[in-house]
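Take a look at this one; I'll ask things after.
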Amino acid sequence: MSIRTLGLATLLTIALPAVAHDYKAGELSIDHPWSRELPVDLPGGAAYFSIHNHGSQPDRLLSVSTPRAHKADLHFQAAGSSPADMKDMGAVEIPAHGEVAFKPGGNHVMLSGVEHPLKAGEHFPMTLQFEKAGKVEVEVEVKQADALTAH
């Protein structure tokens, strides 16, 4: 292998994880995990993504973990309700040939005990544990807070 080929292979190995936004595990696909940049004084946050089940059997998301937070829980917030009305979901059913979205104001992963603020442009690992598909390691992209959420 030439030095040029080796250099290109090394560059691709470094660059690909930074641009990967879709992950596969068995019949499941996890699309674009992301989080919002946080103000310095907030010790928590949330992570969002979509899970698509392309199979003929349901699966369940049992738990989520990340070294970026002391605790990561699956939460539900009904549309139009206040953040105080959030509920711990335990496990989340992913129906056969269905989809479950984790998004602001709805299902989300609550990150508690974040020691350092989430900053736009950074990425952090998160592990999703499914009943059938097993563990899936994803990279969460931290996005800049938009003007609407700042007010």
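None of the figures in this text is laboratory data; all of them are computed from the coordinates on show. The structure displayed is predicted, hence computed values, not measured ones. Cβ sites come from the backbone with ideal geometry, for glycine too, and all protein chains shown count toward neighbours.
Can you give me the distance in nm between label points at Ser56 and His32, each placed 7 Å from the Cα along the Cα-to-Cβ direction?
Output for this residue pair reads 3.2 nm.
Can you compute 3J(HN,Hα) from phi for each residue in the stretch 106-111, using the Karplus curve 6.51 cos²θ - 1.76 cosθ + 1.60 with θ = phi - 60°, rounded to whole Hz and x for Gly and Pro?
The phi angles translate into x, 4, 7, 9, 7, 9 Hz.
In whole Hz, with x marking every Gly and Pro, tabulate ³J(HN,Hα) for the stretch 124-133 from phi via Karplus 6.51 cos²θ - 1.76 cosθ + 1.60, θ = phi - 60°.
9, x, 9, 10, 9, 10, 9, 4, 9, 7
Now a separate question. Taking R0 as 25 Å, what's the FRET efficiency between Asp73 and Asp22 from their Cβ-Cβ distance, rounded to 0.05?
The value I calculate is 0.55.
7 Å from Cα along Cα→Cβ at both Thr127 and Gln144: what's the point-to-point distance in nm?
With each label point 7 Å from Cα toward Cβ, the separation is 3.4 nm.
Please give every one of the lysines within straight-line cross-link reach of Lys132, meaning a C-alpha to C-alpha distance under 16 Å, and leave out same-chain neighbours fewer than 8 residues apart.
In chain and number order, the partners are Lys24.
Additional query: Find how much the distance from Ala96 to Lys135 grows on full extension, using 0.36 nm per residue of separation minus their present alpha carbon separation; answer in nm with one decimal.
Length gained between Ala96 and Lys135: 12.2 nm.
If N is the number of residues in the stretch 22-150, what value comes out of its Cα radius of gyration divided by 2.2 N^0.38 Å?
Normalised by 2.2 N^0.38 Å, the Cα Rg of the stretch 22-150 equals 1.02.
To continue, here is another question. Scan around Asp22 for amide H atoms under 5 Å from its own, H built in the peptide plane at 1.01 Å from N, and keep only partners 5 or more places away or cross-chain.
Those lying under 5 Å, H to H, from Asp22 are His32.
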